[in-house]
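Taking it in order: structure first as structure tokens, then the write-up.
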Amino acid sequence: MRNLTAMLNIGTIRGGVQGATVPDLCEEEILRGMIPGETFEGVKKEIEAVIEGVKATDADLKYETGGDQRSGRVCHVSQDPYVLEGRETIKEVIGVELPFTGTLASTDMNFQVVDGGMPCFNLGVGGAYGNTHKQDESVSIDELADLTKITALLYMRKLGIS
């Protein structure tokens, strides 16, 4: 089993009003993914320990932590008819049956499954040599076209159009 590393992304940074002034406030919003075995409370304590380390060098530092733990990990049954239909549609477009795999990322799928009780699966672009979710992000035009075909077929079939 390979070692898993949790993802941390600083998604937003806000502060100041112009480049010639020292800002009175700086706000950051981060996304910290969780790996199997971690808890929301444990991750929150880890982040607070890092901030407290910075605060030890800056007595004026004030902070608040919050979080949305609703987007926990999801494991969906791969034998669900909708998921199997999706797998067949993918094979129809790209000519290969893909294995079921998982992701440690938090996605909108979590809300559909957990809050909506809907069968769901993720699909996207970025094969083994893709450059997604990192500097100079890019995808193959062919993969993007295939994903568009797969998505269109899934919608059309769900709506009874094809």
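The values are calculated or read from the model by the stated rules, or taken from the named source; none is laboratory data. From a predicted model like this one, the values you see are computed outputs, not experimental measurements. Every residue, glycine among them, receives a Cβ derived from its backbone with ideal geometry; neighbour counts consider all protein chains shown. Please note that ligands, DNA and RNA were not included when accessible areas were found on the heavy atoms of the full protein model with its side chains. Shrake-Rupley method; radii C 1.70, N 1.55, O 1.52, S 1.80 Å.
Below, the figures for the structure above:
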quantity: Scan of region 152-162 for residues that are open to solvent by 70 Å² or more (accessible area, probe 1.4 Å), modelled with pLDDT of 90 or more and either among the hydroxyl-bearing types (Ser, Thr, Tyr) or part of a loop (DSSP other than H, G, I, E, B) (or both), ordered by number; calculated: Tyr155, Leu159, Ile161
quantity: Those residues of region 115-146 which are loosely packed, with under 10 Cβ neighbours inside 10 Å and part of a helix (DSSP H, G or I), in sequence order; calculated: Ile141
quantity: For Leu61: the one exception among (1) more than 30 Å from Gly16 (Cα to Cα); (2) at pLDDT 85 or above; calculated: (1)
quantity: Selection from region 17-35 of residues that are part of a loop (DSSP other than H, G, I, E, B) and under 17 Å from Asp58 (Cβ atoms); calculated: Val22, Pro23, Asp24, Leu25
quantity: Flag if Lys149 is basic (Lys, Arg) and part of a helix (DSSP H, G or I); calculated: yes
